[in-house]
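Everything below concerns the one structure shown next.
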Amino acid sequence: MSYLEPTEFVTKMVDQGESKVFMSTRDTLIRAFMAGAILALAAAFAITVATQTGQPLVGAILFPVGFIMLYLMKFDLLTGVFTLVPLALLDKRPGVNVEQVLRNWGLVFLGNFGGAISVAFMMSFIFTYGYNTDGGAIAAKVSSIGEARTVGYQTYGVAGWMTIFIRGMLCNWMVSMGVVGAMISTSATGKMMAMWMPIMLFFYMGFEHSIVNMFLFPFSMIMGGDFTFMDYIVWNELPTVLGNLVGGLCFVGLPLYYTHVRTSAQRKVSVAPMVNKTA
């Protein structure tokens, strides 16, 4: 059968988390770089489609193609390792400790950022013909997005910061559902369908994804967005990363692990003896 029971795929989640911890530095960085680059290209594609058609829903429907490509190639996003790697620590897999988990997260962050910002420079170059034009409607669109989702949040102070944090939580809840959903099926078609639905939801709802933002905000600054790099870090990337961590781990990783791996004993219900009633 192409469907796996939760007890089977959650064990696979723990196994994958363990394998990522012990992956070599070179392989971790390469896989993270490629994941960041592919997701950035998908974001540029979705924004272009939404801008040219005037239909944001169309962009959201098409954006998951990037996530599907990187997942099938076994590349790694920070949002995914936030959910999977801590499970190996909770399961007390040999050699897995807090230092190893943090090392993995740090390497994946660096690789994702390198891939995303590389695509930001390439896309800005081709949209402006080597920085000789203003980039047109796409440049105006990404500039407005960058400003609204940095200094726009800053206007509301702590409430704005918490808004980004919660959007980051909701984002990785959905993204991690896509990661886990792909493990439910053993067929490529089933994996694609399971990933498509939650990824489309997060993108259309405007939730905050740390790796998409690693592309979007440098791209926006290059294209003329009126905000600084520190605005991007403090008023978007930092709360988004923290929200992604909490959302993926608390809404997906931990609930699945504790209810399908470390299950509690079944509740015993006393049954009253039947009384033979005679007329």
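The values are calculated or read from the model by the stated rules, or taken from the named source; none is laboratory data. Not measured: the values here are computed from a predicted model. Using ideal geometry, Cβ is built from the backbone for each residue, glycine included, and neighbour counts are taken over all protein chains shown. All accessible areas refer to the heavy atoms of the entire protein, side chains included, with ligands and DNA or RNA removed. Shrake-Rupley method; radii C 1.70, N 1.55, O 1.52, S 1.80 Å.
At 1.4 Å probe radius, can you tell me the per residue accessible area of the chain in Å²?
Spelled out: the 1.4 Å probe surface of the chain, per residue, equals 49 Å².
Sort 153-159, 214-220, 67-73 by the packing proxy (mean of other Cβ within 10 Å over each peptide's residues), most packed first.
With the highest mean Cβ count within 10 Å placed first, the list reads 214-220, 67-73, 153-159.
Rounding to the nearest 20 debye, state how big the charge dipole of the chain is about its Cα centre with +1 on each Lys and Arg Cβ and -1 on each Asp and Glu Cβ.
Using only the charged Cβ atoms, the result is roughly 940 debye.
So what is the relative contact order of the chain, in percent, for Cα pairs below 8 Å that sit 6 or more residues apart?
Relative contact order comes out at 28 percent.
Enumerate the aspartates and glutamates that residue 20 could reach by cross-link, defined here as Cα to Cα under 17 Å, with residues fewer than 8 away along the same chain left out.
Leaving aside aspartates and glutamates fewer than 8 places away in the same chain, those within reach of residue 20 are 76, 91, 99.
Just order 3-14, 249-260 by mean Cβ neighbour count inside 10 Å, highest at the front, would you?
249-260, 3-14
I'd like the carbon and sulfur percentage of the solvent accessible area for the chain, probe radius 1.4 Å, heavy atoms only, ligands and nucleic acids excluded.
Carbon plus sulfur share of accessible area: 68 percent.
Among residues other than residue 239 whose Cβ falls under 10 Å from its Cβ, what is the net charge (Lys/Arg +1, Asp/Glu -1)?
-1
Between 28, 79, 189, find the one with the highest GNM mean-square fluctuation for the chain; connect C-alpha pairs within less than 10 Å.
Per the Cα network of the chain with a 10 Å cutoff, 189 tops the list.
Just add up the charged neighbours of residue 78: K/R +1, D/E -1, any other residue whose Cβ is under 15 Å from the Cβ of residue 78.
Once positives and negatives cancel, what remains is 0.
Return the single residue from 230, 169, 123 with maximal mean-square fluctuation; model: Gaussian network over the chain, springs between Cα atoms under 10 Å.
Checking each option, the largest mean-square fluctuation is seen for 230.
Determine Rg/Rh for the chain; Rg is computed over alpha-carbon atoms and Rh is the Kirkwood hydrodynamic estimate from the same atoms.
1.09
Is it possible to state the helix-based mean residue ellipticity at 222 nm for the chain, with each DSSP H run of 4+ residues giving -39500 (n - 2.57), the sum divided by total residues, to the nearest 500 deg cm²/dmol? What is it?
-23500 deg cm²/dmol
Could you sort 235, 173 by accessible area so the largest value comes first, with the probe set to 1.4 Å?
Result, largest first: 173, 235.
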